[in-house]
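Beneath this line is the structure, given in structure tokens, with notes to follow.
The values are calculated or read from the model by the stated rules, or taken from the named source; none is laboratory data. Since this is a predicted model, take the numbers as computed values, not measurements. Backbone-built Cβ (ideal geometry, glycine too); neighbour counts: all protein chains shown. Side chains included, ligands, DNA and RNA excluded: accessible areas come from the protein's heavy atoms. Shrake-Rupley method; radii C 1.70, N 1.55, O 1.52, S 1.80 Å.
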Amino acid sequence: MKSLRLLFMVLVGCALTATSFTSCINDDEDNTTLTKEEAARRLGIMQGSYYGKHYVFYNNDTEIKSDSVMSSFTITTDSLFTVDLPVSMLSHAVKDKNETDLIEALKAEGTKKVYFKMLLNDIYGKTDPNVYAYYLYPASYLNFTCSHGEKTYEIEVKFTMSGYYFNALNVTSYGLYSKGKATGYLPIGSITVNSSNYMITPVPFFVTGE
């Protein structure tokens, strides 16, 4: 429970920081975006594979809970952030708990790759030049079929730059790198099941690894 509270506090804190991130996206003076040379230098440091926990946050009778599994992601020098997303954790977001076939079908799914483009910036440069921040722009979406028993489900998951969860909590798609560790927030914009979005509520993912 203590770790859950800590994670949620981090989520809230990053949501507050997201206001400045969002304001910088449309900043014509580009005062947070790095030069190509500096971005390339940082990507050279960050590139590689990261192994750690992937968290999903969800509501349960108005109580905020989380679940986590071990997973991985990679950062490459062409600014690609590739996540092996454990889509089985989407089972927590099924609204109707009587939809046991859908829940079990999702639980049986493994990881699926999701791609994000990174835009590095210097938001933390003045306070700590060794902390690298980056936006994560969705570069792909998930579309897969899963089944349980005699029922088959076509699932589509689309990501977004900013999502609202838990009483309008704003979660912005970005991450941080520091001392060999990297993180990323992956807010989901919409989830549909068999072309309908009433069964599942979007949930935010948080990935961390080293």
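Hey, any hits in region 103-116 for a residue that's touching a Ser or Thr at 6+ places or on another chain (Cβ under 6 Å), surrounded by fewer than 21 Cβ atoms within 10 Å (Cβ to Cβ), touching a residue at least 12 places away in the same chain (Cβ under 8 Å) and of a type in the set (F, W, Y)? Yes: region 103-116 contains one or more residues that are touching a Ser or Thr at 6+ places or on another chain (Cβ under 6 Å), surrounded by fewer than 21 Cβ atoms within 10 Å (Cβ to Cβ), touching a residue at least 12 places away in the same chain (Cβ under 8 Å) and of a type in the set (F, W, Y). Residues being open to solvent by 20 Å² or more (accessible area, probe 1.4 Å), in contact with a Gly (Cβ under 8 Å, 6 or more places away or on another chain) and modelled with pLDDT of 95 or more are entirely absent from region 34-48. Considering (1) under 24 Å from T111 (Cβ atoms); (2) surrounded by 15 or more Cβ atoms within 10 Å (Cβ to Cβ); (3) touching a strand residue (DSSP E or B) at 6+ places or on another chain (Cβ under 7 Å); (4) not aromatic (F, W, Y), the lone condition that H148 does not fulfil carries the number (3).
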